[in-house]
Amino acid sequence: MWLTIDGERYDPSGAYVDLEAERARIAQALFRCEVEQLHLADGRRVLVNWRSVRLVHIGE
């Protein structure tokens, strides 16, 4: 699974495996304008302010 957030691609860690569950979780985060920490496959972490995000694509 990978995420593209405002044109930048991220490869989440293996903890994010259920594609439909991730779509639902991100939809709720966008709706609530939350700030969330994502864990990436390379061990880094990124903070995402969903309020400022304009485009999200979740792919396999």
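The values are calculated or read from the model by the stated rules, or taken from the named source; none is laboratory data. It should be emphasised that the depicted structure is a prediction, and the values quoted were computed from it without experimental measurement. Every residue, glycine among them, receives a Cβ derived from its backbone with ideal geometry; neighbour counts consider all protein chains shown. Side chains are part of the model used for accessible areas, which takes the heavy atoms of the whole protein and leaves out ligands, DNA and RNA. Shrake-Rupley method; radii C 1.70, N 1.55, O 1.52, S 1.80 Å.
So here's what we get for this one:
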| quantity | calculated |
| --- | --- |
| Hits in region 43-60 (condition: open to solvent by less than 100 Å² (accessible area, probe 1.4 Å) and of a type outside the set (Gly, Ala, Ser)) | Val46, Val48, Asn49, Trp50, Val53, Val56, His57, Ile58 |
| Cross-chain or 6+ apart pairs with Cβ under 9 Å, region 16-28 first and open to solvent by less than 90 Å² (accessible area, probe 1.4 Å), then in a helix (DSSP H, G or I) and not acidic (Asp, Glu) | Tyr16/Arg25; Ile26/Trp50 |
| Filter result (loosely packed, with under 11 Cβ neighbours inside 10 Å and polar (S, T, N, Q)) within region 1-15 | none |
| Among the residues listed as Ile58, Ile26, the single one being in contact with a Leu (Cβ under 7 Å, 6 or more places away or on another chain), within 10 Å of Leu3 (Cβ to Cβ) and of a type in the set (Val, Ile, Thr) | Ile58 |
